[in-house]
Amino acid sequence: MTTGHGGVHAVAAARAHGVSAMFTLSGAHVFPLYDAAVGGSEAVAAEGGPAAVRASNPRLIDVRHEATAAFAAEATGRLTRVPGLAVVTAGPGVTNVVSPITSAKFNGAPLVVIGGRAPDFRAGTGALQELDQPPLLAPVTKYAGTVHDAALIGSSVSEAFARADAAHRGPVFLDIPMDVLYRPIDAATPVAAAREVHLPDPDLVDEVAALLAGASHPVLLLSTDVWADGAEVPARRFAEELGIPVITNGLGRGILPNGHPLLVTRARSTAFREADLVIVAGAPLDFRLGYGVFGAADNPVPVVQLVDSLDQVALHAKAVAVSVVGDLPITFEELIDAWTGLVRRPDLTGWTERLRAIDAAARAEDAVLLRNDSDPIHPARIYGELLPRLTDDAVVIGDGGDFVSFAGRFVEPALPGRWLDPGPYGCLGSGVGYAMAASLAHPSSPVVLLLGDGAAGFSLMDVDSLVRHKMPVVMVMGNNSAWGLEKHPMRLLHGYDVIADLNPAVRYDEVVIALGGGGERVTKPGDIGAAIDRAMASGIPYLLDIATDPEAMYPRTTMGI
């Protein structure tokens, strides 16, 4: 039994689900949640406010913009595989998190957002920030609702976490009227139930094995939901048992580490063009994967989808031959059993070696680009200096357009769960929040945030939050003084560009210094390496503002249309 105001019951539910951090921006509508986290007035009187906050459970992490709080909670869910929690005040506090919540939906990130709400006893009278908020969030959440009964706060919040963490993972929004949240109540202490197990259909597993038996050029793509579902170990075992070439994206990066003989991501185009079977595990068949069309457009090869829930089956992709729905760890284990039981198993050595050779040739070409000594600085040179300085446990985060596209090409994590980018929704401004989450999830690991100068404008003020919470994030900015992801496509389509240039005189490094961090501007390629060393040794949030060539465009193959 739990006794106390509604905040006590909400926080008890969060703790029961393993939540260790509450990301927030102070707002009166949600004070009871802060009160519960710090242990109430007695704890504050005994320890003092700052000490009570440091000892809070969940730990209170306050920010300068609600979007940062929600991005940090989203990233927590993605990195730790425990739902993240953001708490925001009513009205604009809630509307400020619509984009991060939508990002969580597209990324399959388990996220719970608790919003404040004007008191019920003032409903319809025009109270401060009175707004019926769930209808705004319903289209981009698994569930959005209001808790009007204080006795149901604990169970409702517990159910929100269970919903967020159930396949397919995603965001859940609850708001609680202020008078309801303050109301004292006795209620059962929430207990987190075990996640439901979803077994794949054995007949469909056998169909996949039969397709593999008849394939000579299969390819396996491992993506975000493989990591999210805790399937990275059996997925790697499956790849190695078959000897199948593997391409990774999203949080699938690192499941096969850089240098693994089956990892052929840099031969992606050839692999998808010449494959006779493509197995896509844990990813939607969206613009990043040609909408599920591999091989010739007029004669696409069969596709196998391995997904964690029925709503992830791609109904638009006509080439899908089999969709196996179920918990991905179990699916991979059963596929291994089905493969080993085949009478005839094709030898994929030649196919894999060919793709490996193409991958190696592409990396050799990359090596030349990574040493580029041009002035202005080519973005690739930054990665040439950064890559050898990244430890295996480093968490690398991308927040930008063209500059981060280069990161996707060059950065190959050594471990799974150490790469974050905005994902298919492409929402800029996520980086500082993501870096906060990474700093909490991996406090002894380097956290490197790759920023475009455009993206930095959305969230750089929250460097103040990094400073206050002692998170020594290294920020590496590729500053081309432009919206590069728009500038070059507009030229391509219209023959000119407008409103795509930014002010080259802006000193982003000095902004970070003013907020209590460190920084410097780099304009010569030979100075990059030493600057990175200084940033990594600083022990504080540190921004390298590296001026890059605005004409050095990333050679992308799709615009997502």
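The values are calculated or read from the model by the stated rules, or taken from the named source; none is laboratory data. Since this is a predicted model, take the numbers as computed values, not measurements. Because the Cβ atoms are built from the backbone with ideal geometry, glycine has one as well, and the counts that use them run over all protein chains shown.
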**Message:** Just to be sure I understand the filter: pairs with C-beta atoms under 7 Å, separated by 6 or more residues or on different chains, first member in region 119-140 and under 22 Å from residue 102 (Cα atoms) and surrounded by fewer than 16 Cβ atoms within 10 Å (Cβ to Cβ), second member at pLDDT 95 or above and of a type in the set (A, V, I, L, M, F, W, C). Which pairs pass?
**Reply:** 138/144
**Asked** Is it true that some residue in region 239-250 is under 22 Å from the mean Cα position of the chain (by Cα), not assigned by TED's automatic domain parsing to the domain that holds residue 426 and not in a strand (DSSP E or B)?
**Response** yes
**Asked** What number of residues within region 257-285 satisfy the criterion of being assigned to a loop (DSSP other than H, G, I, E, B) and touching a helix residue (DSSP H, G or I) at 6+ places or on another chain (Cβ under 8 Å)?
**Response** 7
**Item:** The lone exception for residue 408 - which of (1) surrounded by fewer than 23 Cβ atoms within 10 Å (Cβ to Cβ); (2) touching a Ser or Thr at 6+ places or on another chain (Cβ under 8 Å) it fails
**Value:** (2)
**Request:** Inspect region 424-447 for any residue being under 26 Å from residue 488 (Cα atoms) and assigned to a strand (DSSP E or B) and give the result as yes or no.
**Result:** no
**Asked** If a residue has to be surrounded by fewer than 24 Cβ atoms within 10 Å (Cβ to Cβ), in contact (Cβ under 8 Å) with a residue 40 or more places away in the chain and either in a helix (DSSP H, G or I) or among the small types (Gly, Ala, Ser) (or both) to count, how many in region 361-379 make the cut?
**Response** 5
**Prompt:** Which residues, counting only those in region 510-557, are touching a helix residue (DSSP H, G or I) at 6+ places or on another chain (Cβ under 6 Å), over 29 Å from residue 489 (Cα atoms) and in a strand (DSSP E or B)?
**Reply:** 519, 520, 542
**Prompt:** Just checking, how many residues over region 289-308 are under 20 Å from residue 105 (Cα atoms) and out of contact with any helix residue (DSSP H, G or I) (no Cβ under 9 Å at 6 or more places or on another chain)?
**Reply:** 1
**Item:** Filtered residues of region 430-443 (kept if surrounded by fewer than 24 Cβ atoms within 10 Å (Cβ to Cβ) and either touching a residue at least 12 places away in the same chain (Cβ under 8 Å) or among the basic types (Lys, Arg) (or both))
**Value:** 439, 440, 441, 442
**Item:** Sole residue being under 27 Å from the mean Cα position of the chain (by Cα), buried (at least 18 other Cβ atoms within 10 Å of the Cβ), at pLDDT 95 or above and part of a helix (DSSP H, G or I), chosen from 398, 384
**Value:** 384
**Test result for residue 288, under 22 Å from the mean Cα position of the chain (by Cα), at pLDDT below 95 and part of a helix (DSSP H, G or I)** = yes
